[in-house]
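A.B. asks: If you scroll down you'll find the structure; I have some questions about it.
The values are calculated or read from the model by the stated rules, or taken from the named source; none is laboratory data. Everything numeric here is computed off the predicted structure, so don't read it as measured data. Heads up, the Cβs are rebuilt from the backbone with ideal geometry, glycines too, and the neighbour counts pull from every protein chain shown. Remember, those area values only see protein heavy atoms, side chains included, never the ligands or the DNA or RNA. Shrake-Rupley method; radii C 1.70, N 1.55, O 1.52, S 1.80 Å.
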Protein chains: 2
Amino acid sequence: MTQNIYDDPAFFTAYSGLRRSLEGLDGAPEWPAMRALLPQIEGARVLDLGCGFGWFSRWAREAGAAQVTGVDVSANMLARARADTADQAIVFQQADLETYAPPSASFDLIYSSLALHYVSDLAGLISRIAAGLVAGGRLVVSVEHPIYTAPWRPGWTTNEDGGRTWPIDRYNLEGPRITDWLAPGVVKYHRMLGTWLNRLIAAGLRVDHVEDWGPTDALLDARPDLASERDRPMFLIIAASLR
Amino acid sequence: MTQNIYDDPAFFTAYSGLRRSLEGLDGAPEWPAMRALLPQIEGARVLDLGCGFGWFSRWAREAGAAQVTGVDVSANMLARARADTADQAIVFQQADLETYAPPSASFDLIYSSLALHYVSDLAGLISRIAAGLVAGGRLVVSVEHPIYTAPWRPGWTTNEDGGRTWPIDRYNLEGPRITDWLAPGVVKYHRMLGTWLNRLIAAGLRVDHVEDWGPTDALLDARPDLASERDRPMFLIIAASLR
């Protein structure tokens, strides 16, 4: 089973205080890049994998989705997600992505924000969710970027010019990485960029767009704290379609 | 025009002494990974972009290609390529990849080994070479990996554990990088991984395989000097097809 760090009380409290938890989609700087990759939402059947507090699930319904299924492993997060809407066309479901299988050929859009790097059996999950898409359906996913996940001891260092650098090692050694992020011992899975893409291709998906997310000039003006994201991308965004 | 560093006498002499120059394809550790992505060579019309000494062009003919066109900007390299074969079905042509356009719908395979990161107008080149493929034709290309090209001052450093790390900076700032490799002032173009792929997709190609190349266990046993390639990939290999 996936490590359910979101139901660790200390982690949950810390996570709840993050900008993206308090402000929802607008607190996530990569959201406009994700939104630009979405297919027509009006009338769509949407699956939100790792839905967390349900921000995207509610957005999709407000944008006209016919129905939304939000799936998450965390009871804490689902409790808040359910409390935040009375919309009968949104169903929140507790499930572990290591084994979760959506009903087949049922979704026009499968969306997942920063969840899949917690999953050990990526090939299995991709295969199951590809089967959940209708023909022509789209997958839009963000994960922690392989440059971000690769190092054994991630963290900024300073080079001899005094500049900020992100030291890469073990990039080609895939597998678990244990970090202290909001709580000690969070387990994520590092995969090379090719692995993320080749898994999708092997499941019959066509890769439509790949983005090493970084801030636009306008966003940097508003949020100078994001400058480091131009030195080392934190997010990898992929859009793919079932052929 | 592309910087023609291969016709700089000092660079050419140094390059000629590299293992991959002396031993050809078998001296290039990534060659088996490239070869595994090739379509059927028997009867194929092949374009070798940045053909250098013509090692791949000659291999393709020996493997049964109907005809091979090798293109390179370097007069030095083409002179040796022409001297090394009398095969009338191989044509070596001097051209600058910044402006080169192959005849349309003429090739079953376009192959390029470690040349495209020297090209400034990547979108233009990709568009022109996509038009050179027949329907169903394949592009197999290697370039310096974005992790390798990103840093302003590339080079290994040592982390606090004494381990080898590759410091990344300016990953999201695309453009020229000037390095001293065999000669001072070699100009390469850094692009994000998404940019390499999105350019292919925009030209109507389907991405079939993406590989952050690293040595296999067997190769590491034979060439322990390649261990660093597991910490930081040097080569990005992409296969794509015209839909």
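A.B. asks: Output the residues belonging to the range B:62-78 that are crowded, with 20+ Cβ neighbours inside 10 Å, closer than 12 Å to B:Val46 by Cα and out of contact with any Lys or Arg (no Cβ under 6 Å at 6 or more places or on another chain).
C.D. replies: Within the range B:62-78, B:Ala65, B:Thr69, B:Gly70, B:Val71 qualify.
A.B. asks: Would a scan of the range A:57-74 turn up a residue that is free of Cβ contacts under 8 Å to residues at least 12 places away in the same chain and farther than 22 Å from A:Glu211 by Cβ?
C.D. replies: Among the residues of the range A:57-74, at least one is free of Cβ contacts under 8 Å to residues at least 12 places away in the same chain and farther than 22 Å from A:Glu211 by Cβ, which makes the answer yes.
A.B. asks: Can you tell me which of B:Tyr171, B:Tyr111, B:Tyr100, B:Tyr118 is within 12 Å of chain A (Cβ to nearest Cβ) and touching a helix residue (DSSP H, G or I) at 6+ places or on another chain (Cβ under 9 Å)?
C.D. replies: B:Tyr171
A.B. asks: Separate question: Out of everything in the range A:92-102 that is in contact with a strand residue (DSSP E or B) (Cβ under 8 Å, 6 or more places away or on another chain) and open to solvent by 30 Å² or more (accessible area, probe 1.4 Å), what residue ends up being nearest to A:Tyr118 (Cα to Cα)?
C.D. replies: Looking at residues that are in contact with a strand residue (DSSP E or B) (Cβ under 8 Å, 6 or more places away or on another chain) and open to solvent by 30 Å² or more (accessible area, probe 1.4 Å), I get A:Gln94.
A.B. asks: Give just the number: which of (1) out of contact with any His (no Cβ under 9 Å at 6 or more places or on another chain); (2) open to solvent by 30 Å² or more (accessible area, probe 1.4 Å); (3) of a type in the set (Ser, Thr, Tyr); (4) over 17 Å from B:Ile147 (Cα atoms) does A:Thr179 not satisfy?
C.D. replies: (2)
A.B. asks: Additional query: Looking only at the range B:146-160, filter to residues that are within 17 Å of A:Arg232 (Cα to Cα) and more than 9 Å from chain A (Cβ to nearest Cβ); which one of those is farthest from the chain's Cα centre (by Cα)?
C.D. replies: B:Trp156
A.B. asks: All but one of (1) open to solvent by 10 Å² or more (accessible area, probe 1.4 Å); (2) within 10 Å of chain A (Cβ to nearest Cβ) hold for B:Arg223, so report the exception by its number.
C.D. replies: (2)
A.B. asks: Report, by residue number, each residue of the range A:226-237 that is more than 9 Å from chain B (Cβ to nearest Cβ) and touching a residue at least 24 places away in the same chain (Cβ under 8 Å).
C.D. replies: If the condition is that a residue be more than 9 Å from chain B (Cβ to nearest Cβ) and touching a residue at least 24 places away in the same chain (Cβ under 8 Å), then A:Leu226, A:Ser228, A:Met234, A:Phe235 are the ones that fit.
Each row is one residue, and each column tells you yes or no for (1) of a type outside the set (S, T, N, Q); (2) closer than 21 Å to A:Ala239 by Cα.
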site: A:Asp8; (1), (2): yes, no
site: A:Ser16; (1), (2): no, no
site: A:Asp26; (1), (2): yes, yes
site: A:Gln40; (1), (2): no, yes
site: A:Ala60; (1), (2): yes, yes
site: A:Arg82; (1), (2): yes, no
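A.B. asks: Let me ask another. Which of the residues that make up the range B:79-91 are among the charged types (D, E, K, R) and open to solvent by less than 50 Å² (accessible area, probe 1.4 Å)?
C.D. replies: B:Asp87
A.B. asks: Another question, if that's okay. Among what's in the range B:174-213 and is among the β-branched types (Val, Ile, Thr) and more than 9 Å from chain A (Cβ to nearest Cβ), pick the residue that is nearest to A:Leu226 (Cα to Cα).
C.D. replies: B:Ile178
A.B. asks: Further question on the same structure: Under 6 Å by Cβ, and 6 or more places apart or on different chains, what pairs join a residue from the range B:130-151 that is closer than 17 Å to B:Val119 by Cα with one that is part of a strand (DSSP E or B) and among the aromatic types (Phe, Trp, Tyr)?
C.D. replies: B:Val140/B:Tyr111; B:Ser142/B:Phe235; B:His145/B:Phe235
A.B. asks: Would you be able to tell me the number of residues in the range A:25-36 that are open to solvent by less than 20 Å² (accessible area, probe 1.4 Å) and in a loop (DSSP other than H, G, I, E, B)?
C.D. replies: The number of residues fulfilling the criteria is 2.
A.B. asks: Only residues in the range B:1-24 that are assigned to a loop (DSSP other than H, G, I, E, B) count as the first member; pair them with residues that are buried (at least 16 other Cβ atoms within 10 Å of the Cβ), Cβ under 7 angstrom, at least 6 apart or cross-chain, and list the lot.
C.D. replies: B:Thr2/B:Val73; B:Thr2/B:Leu97; B:Thr2/B:Tyr118; B:Thr2/B:Val119; B:Gln3/B:Tyr118; B:Asn4/B:Val73; B:Asn4/B:Ser74; B:Asp8/B:Ala183
A.B. asks: Also: Inside the range A:161-186, can you point out the residues that are more than 23 Å from the chain's Cα centre (by Cα) and among the small types (Gly, Ala, Ser)?
C.D. replies: Matches in the range A:161-186: A:Gly162, A:Gly163.
A.B. asks: In addition: Output yes when any residue across the range A:186-201 is out of contact with any Lys or Arg (no Cβ under 7 Å at 6 or more places or on another chain), over 29 Å from B:Ala240 (Cα atoms) and not aromatic (Phe, Trp, Tyr), and no when none is.
C.D. replies: Yes - at least one qualifying residue is present in the range A:186-201.
A.B. asks: Can you name every residue in the range A:190-218 that is open to solvent by 40 Å² or more (accessible area, probe 1.4 Å) and touching a residue at least 60 places away in the same chain (Cβ under 8 Å)?
C.D. replies: Passing the criteria: A:Arg199, A:Ala202, A:His209, A:Glu211.
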